[in-house]
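**Q** Encoded as structure tokens, here's the structure I'll be asking about.
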Amino acid sequence: MCWGLNRFSSVLDLNKALILDPDYAQAYYDRGVAYLNKHDLDRAMSDFVKVSGLKADLPRLHYSLAVLYYYKANYVAARISLRRAILSGCTIDPKFVEDLKKASYKTN
């Protein structure tokens, strides 16, 4: 997958990094992924929004947003974020694409 913790092992480590550098986009992204993995979707979204506000060039952000929107059953937003991830060159898990298609068709 294109998303996952890259540099830190815990949310506590990420919190410490953000105290030292509140504009550290990668730390916000990694912490958002940690929250996403715990299905703490509101905190994940908050961190991903912060990354967007910092205008960081993190192609994985769009993929992670697609997953987050998928978990929230917002399939339109998930497809938009997935498209952005693909356009930014992120490698996409074909199973996720298939799962999103199936979920989208069930709601229509």
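Laboratory data are not the source of any read-out in this text; all were calculated from the coordinates shown. Computed from a prediction, not measured in an experiment: that's the story for all the values here. We place every Cβ from the backbone using ideal geometry, glycine too, and count neighbours over all the protein chains shown.
**Q** Relative to the longest principal axis of the chain, what angle (0 to 90°, nearest 10) does the C-alpha long axis of helix 11-20 take?
**A** Taking Cα atoms only, the helix is inclined about 50 degrees.
**Q** Next up: Label Glu98 and Lys72 with points 7 Å out from Cα along Cα→Cβ: what is the distance between them in nm?
**A** Placing both labels 7 Å along Cα→Cβ, they lie 2.7 nm apart.
**Q** Same structure again: Quick one: net charge of Ile92's neighbours, Cβ under 14 Å, K/R +1, D/E -1?
**A** So the environment of Ile92 carries a net charge of +3.
**Q** Placing +1 at every Lys and Arg Cβ and -1 at every Asp and Glu Cβ, with all other atoms neutral, what dipole size does the range 11-107 have around its Cα centre, in debye to the nearest 20?
**A** In debye, rounded to 20, the range 11-107 gives about 440.
**Q** Further question: In the chain, if the dipole is taken from +1 on Lys/Arg beta carbons and -1 on Asp/Glu beta carbons about the Cα centre, which of Ala44, Leu54, Leu68 is farthest to the positive end?
**A** Most positive-ward Cα: Leu68.
**Q** Can you show me the helix-derived [θ] at 222 nm for the chain, built from DSSP H runs with n ≥ 4 at -39,500 (n - 2.57) apiece and divided by the number of residues, rounded to the nearest 500.
**A** Taken over the chain, the calculation gives -22000 deg cm²/dmol.
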